[in-house]
1. Using R₀ = 56 Å, calculate the FRET efficiency as 1/(1 + (r/R₀)^6) where r is the Cβ-Cβ separation of Ser280 and Val147; round to 0.05.
2. Need the full-extension length gain, Trp230 to Ala424, defined as separation in residues times 0.36 nm minus the C-alpha distance. One decimal, nm.
3. For the stretch 319-457, what is the accessible area per residue in Å², given a 1.4 Å probe and the full set of protein chains?
4. Taking the mean number of other Cβ atoms within 10 Å as a proxy for protection, how do you rank 339-348, 412-421 from highest to lowest?
5. Just the number, please: carbon plus sulfur as a percent of the accessible area of the stretch 177-269, 1.4 Å probe, no ligands or DNA/RNA counted.
6. Between Lys209 and Gln410, what is the label-to-label distance in nm when each label sits 7 Å out along the Cα-to-Cβ direction?
7. For an R0 of 35 angstrom, estimate the FRET efficiency from the Cβ-Cβ distance between Gln342 and Ser484 and round to the nearest 0.05.
8. Could you give the C-alpha radius of gyration of the stretch 176-310 expressed as a fraction of 2.2 N^0.38 Å, taking N as the number of residues it contains?
Amino acid sequence: TSSASSLDTSAQFQENNGQTQSARWDEQQKVFALEQVCGVFRVDLGQMRSLRLFFSDEACTCGQLVVASRESQYKIFHFHHGGLDKLSEVFQQWKYCTETHLKDQFVVLFPPALSDEKTCMQFSIRRPKLPSSETHPEENAYKRLDVSAWLHHLNECGQVEEEYKLQKAIFFGGIDVSIRGEVWPFLLHYYSYESTSEEREALRLQKRKEYFEIQEKRLSMTADEQKDFWRKVQFTVDKDVVRTDRSNQFFRGEDNPNVEAMSRISSFYYAVFNPAIGYSQGMSDLVAPLLAEVLDESDTFWCFVGLMQNTIFISSPRDEDMEKQLMYLRELLRLMHPRFYQHLSSLGEDGLQMLFCHRWILLCFKREFPDAEALRMWEACWAHYQTDYFHLFICVAIVVIYGDDVIEQQLPTDQMLLHFSNLAMHMNGELVLRKARSLLYQFHLLPRIPCSLHDLCKLCGTGMWDSGFIPAVECSGHHPECESCPYGGLAEVSSPKPGSEGKRGLKTRDVFAFRK
């Protein structure tokens, strides 16, 4: 009798438990349906780890709301014009802020640890900003390079008279859209700065002939070569180009000839001009802006050749090239943002691989920022002002501005990747650029640099240390294949005598003390 009673009790418990789980499942489905159909959502504030609001436009009227639970589950809600008013009402109910606080590109809210149900809900706000005291001293000295300013850099023969001054103007001010097609070929080494207008026109005719010969070579392939070409190159290219920048008016619509031109440029480069490299998925993201600005197919092709051959921040076909980029970036983070570097180190090898920034480097920030901001970053990098690795300073700037959340929440590798992925198209590109220029300036002030970053400066010629000052090299001690530092770095560098150092005598820790 006791055993039968126990079985009955167990059966009743299982039945009740099943009904409870079923009710919870039904409730979850109802909530899910409301979220999807009506835009209604519900969040348990006691279980919320963070809430982020990202704006997609300058007027801050639309964007997305990202809610993270303590179990690292994310919910993303998109809001359009008018939706911000509803969010403002919610924030005001929390007695958190007024609508004026929302007029920023990036907002983060954190709930405190709840001790009991009566705990008052208090939220803190984080807004990315860069005080004028932390900007490059010449930040506002240059305007955008327009037609008038561009002509001022040319002599009567059409030659660029002072290349360094032009690069500096582009680095700080960027290029007006109306003359990008004329200036970009110089930055991408299609035109020489010393070339005259007549020489450039002759070069264009010669290169157009060469491009036609490449097309002929492609069309003269045998049947087996055509089959191999389709399998290795054309299939991937065609799949890529049909989904690249189709929202851009230049590539919009069916049977668009510009899409066909983008396909030819991509496939001709890898299959015929440089078959040893092979096509990498996503490279059409680099071709598309070139074609949309340069317009001429032949000129675009040769600009793309210059991009691939002379620009460092590209989609590299070799793992060792990418690893070198990551090594430099790790060392810059160790120098400029030690707390973030320590967090990466605490995650072990997975953290130090920095998967969150691979796409930044491989596609030149094109998937992280709207086209207008991404192309400004391209121009700043192509200017090669004081460094050939300005793209790495942009990476550091992103981490400095938007990465503190990662440290405070001690996010693991996968959540760190998700954190920065959620930021795509919702970061302030102009703020990031200003911060990157500031970081380069601070790097420029260092009286000594670690030998691990020695090669970061060697390609840019006299422009890096234009004052004539050359920093000392300090050995970082990581040379397993060498008995001594291959760069002549010293293990210890004595401090300069008081009064002899001036502005450049700042210690490393002092230079970066005003990072935030």
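The values are calculated or read from the model by the stated rules, or taken from the named source; none is laboratory data. For clarity, every value in this text was computed on a predicted model and none was experimentally measured. As a convention, Cβ positions derive from the backbone with ideal geometry for all residues, glycine included, and neighbour counts pool all protein chains shown. We work out accessible area using only protein heavy atoms, side chains counted, and drop any ligands, DNA or RNA first. Shrake-Rupley method; radii C 1.70, N 1.55, O 1.52, S 1.80 Å.
1. Rounded to the nearest 0.05, the efficiency is 0.95.
2. So the chain would gain 66.5 nm between Trp230 and Ala424.
3. So the stretch 319-457 comes to 28 Å² accessible per residue, rounded to a whole number.
4. My ranking of the peptides, most packed first, is 412-421, 339-348.
5. That fraction is 52 percent.
6. The modelled label-to-label distance comes out at 6.9 nm.
7. Efficiency computed from Cβ-Cβ geometry: 0.75.
8. It is 1.06.
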